Every structure is written in C-alpha cells, then in structure tokens.
1. Only one of (1) part of a loop (DSSP other than H, G, I, E, B); (2) modelled with pLDDT under 85 is not met by residue 94, so which one is it?
2. Would you point out the residue of the range 45-89, among those that are surrounded by fewer than 19 Cβ atoms within 10 Å (Cβ to Cβ) and in a strand (DSSP E or B), that is nearest to the chain's Cα centre (by Cα)?
3. Within the range 97-135, take every residue that is assigned to a loop (DSSP other than H, G, I, E, B) and in contact with a helix residue (DSSP H, G or I) (Cβ under 6 Å, 6 or more places away or on another chain) and give me the one that is modelled with the lowest pLDDT.
4. Filter the range 141-152 down to residues that are at pLDDT 85 or above and surrounded by 13 or more Cβ atoms within 10 Å (Cβ to Cβ) and give me whichever is nearest to residue 112 (Cα to Cα).
5. Regarding residue 138, is this residue surrounded by 12 or more Cβ atoms within 10 Å (Cβ to Cβ), outside any loop (DSSP other than H, G, I, E, B) and either on the phi > 0 side of the Ramachandran plot or modelled with pLDDT under 90 (or both)?
C-alpha cells in the first residue's frame, strides 16, 4: 500500500489569521486591515545583549528611512535579546488603513533595534524613529511573499 503525499496549498494570510487584535481589526475595518508577517535577524551583536526591536510598515516611501512626519500603517515594538535576533524573531505586523485601496507608491517595512532594553510607554511605537547608532534594515514589501526577511545590517 502506497502512501500518498497530500499537496500543500499556499493560502494568503488574512488579517484575522495573526492575532486577536488582527481579528478585531478585520471584523471592524474589513479589508482596510491586513497582517504582514516578518522575520527579523541580526548578527554581530554582543551575547546576552537586550534590545528594543521596532518594526513599522509604510505604504509610500522613496526607499530610504522615512522622515519624522511619515505615518506608518503598521507598527509594533518588543524586547528581544541578541540570541533571539541571531535565530530570527517572528513579528506579525497589523496594518490599519482608511480603505483597502489605500496602498500606493513603494511600500516597505523598516525594522531597527536600540540597545538597552525593552519597549517604551508608547504601545505601538507609531511615532518612533531610529536614533543615531541604531542598527536597522529595510525591505520593499511584496504581496507575493509569505514572510518578509529583514536583516538588520545598516547603521543610522
């Protein structure tokens, strides 16, 4: 008796597949909410170091770090260690827009770390920007990818 291997199907992730917050946003906003899956990695960090990781997504950008007045459509922050960053940190980023048709320009995802610990008092890090000395990475967002790979390999 031969065993058949079932074909795996790739389904796009809806906003509701990410978290309770994503589910709430999807039921409230409908197609104006979406989830972007990312994996953030960094090498060359000191062992045992603690960092604040911030991840933001933008619909319009010129391919550089967005300016101080640019508004991300998705953002989050969390405390991570150097060991976690070497292995890769999975982040599901919830994006909230005014409408589903609002995506235009050159969308990108920006991630950076700051030494010294955890998130600050701003829950979603929407107004955070990389500071001098921050290690960061940028990736152009492509709807065809399941998970965006972001390597933190640049310095501000």
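1. (1)
2. 78
3. 99
4. 152
5. Details: surrounded by 12 or more Cβ atoms within 10 Å (Cβ to Cβ): yes; outside any loop (DSSP other than H, G, I, E, B): yes; either on the phi > 0 side of the Ramachandran plot or modelled with pLDDT under 90 (or both): no.
No, not satisfied.
The values are calculated or read from the model by the stated rules, or taken from the named source; none is laboratory data. Everything quoted here is computed from the prediction, not taken from an experiment. No Cβ is skipped: glycine too gets one built from the backbone with ideal geometry, and neighbour counts run over all protein chains shown.
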